[in-house]
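> Quick one: structure below, then a few questions.
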Amino acid sequence: MYFLFCLGLLSFLLSLFLTPLVRTVFAKYGLAHQGTDTTELPRPIPRAGGVAIVISYLAVYFCLLVLPLKAGFLVRESLAFTLRLLPAAGLIFLIGLIDDIKGLEPWHKLMGEIVAAGAAYWAGIHIQGLAGYGTGAWWNLPATIIWLVACTNAINLIDGVDGLATGIGLFATCTTLIAALIQGNTALAIATVPLAGCLLGFIRYNFNPATIFLGDCGSLFIGFLLGCYAVVWSQKAATILGMTAPLMALSIPLLDMTVAIARRYLRRQPLFEGDRNHIHHRLLNRGFTPRKVALVLYACAAVGATASLVVANRNIAGFVILAFCMTTWIGVQHLGYVEFGVAGRLLIDGAFRRLLNSQISIENLEETLAAASTLDDCWTVLRRHYRDFGFYRIEVQIAGQKRSECAEIQPLQSWKVTVPISEVSYVELHRAFGPAQQHQVVASFVDVMRKVLEPKCTAFERIAPQPERTRVAMIASA
């Protein structure tokens, strides 16, 4: 249809013309970025290129409506979908622009994104179950919000190399456009064509070496729109397999975000704290240039886009999804993330289960030891639990009373730790040398024991005769 071509061409020309103007204005007023994640730049580069994209995206509809085109009535009928999204998309753009100019806390951005996602749901962007099942269920709203927030941040997180987010967004937009044409979804096609044109015009200035960056206002806006388009795309899917197509089209940014969250969780790092371990950073560390990184990930995005369209064929959809998942797994392994290798080995050799059982034992110890009311009760609890943590001998001196227990079979090499409870009370534990990963469990056991026994010892010592002061120290010997 020729009006789709007009939409794309107009948006491309507007973006091509407005981008250098926006660049000049932001550079003039000092709203510039001094460098990227990977390089120090010789001159300031504006970081609010999303302004040019948004203006071009909106202006193209106005131009098309005022032009005397025969297909104008089709545009007006389908434009309602885009207009309903404008308030939510506008809020996302505003959040990104404020962050580019003044800076926002991650939680403030997240709250704004959730509000915008809720507005999009109110405007008709609904995840309506799986292939028709679960429509109208309570989880449709939270699922929609989580999806939109995830897509919004996925494009933002991958924007670390010149032209990367713009190019991947362009691939995903074109894929959605092709899917809309195949489905005969005119409203979705009209919504996606201008975005494709804007991104194509913008990448002229954003590809390495970039003279303007997307900024948060651009990357958040693009990610949010792509998330909305993906929901509309999936609504037309007749099968669960077909609903995986939008995931494949956005596979690179979503994979990067998922890996980042998993890495930070395993390392116990703040989820909103940036690092240099994203996919593009790993490729840069392997010697790839920024331009080559962008091209390699463009190729990966193209593979995902192709797979997302092929799954429409039910006969081979299962095979394509399986092959895609295997390829993705191999790719992640090739990037050399240590966290996943260690976690995998812990699961395979049973170490994770042992750590889990030890943690459960620690909580049981704390609960039962806290409930002990007499010295005899405390000794009974310690006798029952100390072997669970690999100790073969325990000696306790509390309130002048000394008690000990030792296993019949003793190791040839061992170490001991003396835990001070008070000036005259202590617990001494002996243990064979073991795997390094168990040290944290031992430390947790010692911490719990001291925390619970310390106040009890104070009470016991008030009513018991004080022995000669004992020097307590931590000793390690082989």
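> Could you compute the net charge surrounding Asp388? Neighbours are other residues with a C-beta less than 15 Å from the C-beta of Asp388; K and R count +1, D and E count -1.
Working: positive: Arg353, Arg354, Arg383, Arg384, Arg387, Arg393, Arg431; negative: Glu363, Glu366, Glu367, Glu405.
Value of the local net charge: +3.
> Hey, can you find the accessible area per residue of region 201-334 for me, probe 1.4 Å, expressed in square angstrom?
It amounts to 46 Å² per residue over region 201-334.
> At 1.4 Å probe size, with the rest of the protein present, what percent of the exposed accessible area of region 81-205 is carbon and sulfur atoms?
Reported share for carbon and sulfur atoms: 71 percent.
> Now for a different question. Using +1 at the Cβ of each Lys and Arg and -1 at the Cβ of each Asp and Glu in region 149-280, identify which of Leu170, Pro246, Leu157 lies farthest towards the dipole's positive end.
Result: Pro246.
> Let me ask something additional. First compute the accessible area of region 363-432 with a 1.4 Å probe, then give the percent of it belonging to carbon and sulfur atoms. Could you put the intermediate results ahead of the total?
Working: 1510 of 3460 Å².
On region 363-432, the fraction of accessible area on carbon and sulfur atoms equals 44 percent.
> With a 1.4 Å probe and all protein chains kept in place, how much accessible area does Leu200 have, in Å² rounded to the nearest 10?
So the heavy atoms of Leu200 present about 90 Å² to solvent.
> At Leu94 and Leu295, where each label point lies 7 Å from the Cα along Cα→Cβ, what is the point-to-point distance in nanometres?
Output for this residue pair reads 4.3 nm.
> Here's a follow-up. Run the numbers for Thr458 and Arg204: contour at 0.36 nm per residue of separation, minus the present Cα-Cα distance, in nm.
Gain on stretching Thr458 to Arg204: 84.0 nm.
> Using R₀ = 35 Å, calculate the FRET efficiency as 1/(1 + (r/R₀)^6) where r is the Cβ-Cβ separation of Leu83 and Tyr29; round to 0.05.
About 0.65, to the nearest 0.05.
The values are calculated or read from the model by the stated rules, or taken from the named source; none is laboratory data. Keep in mind that what you see is a predicted model, and the values were worked out from it rather than measured. We place every Cβ from the backbone using ideal geometry, glycine too, and count neighbours over all the protein chains shown. Note: areas computed on protein heavy atoms with side chains; ligands, DNA, RNA excluded. Shrake-Rupley method; radii C 1.70, N 1.55, O 1.52, S 1.80 Å.
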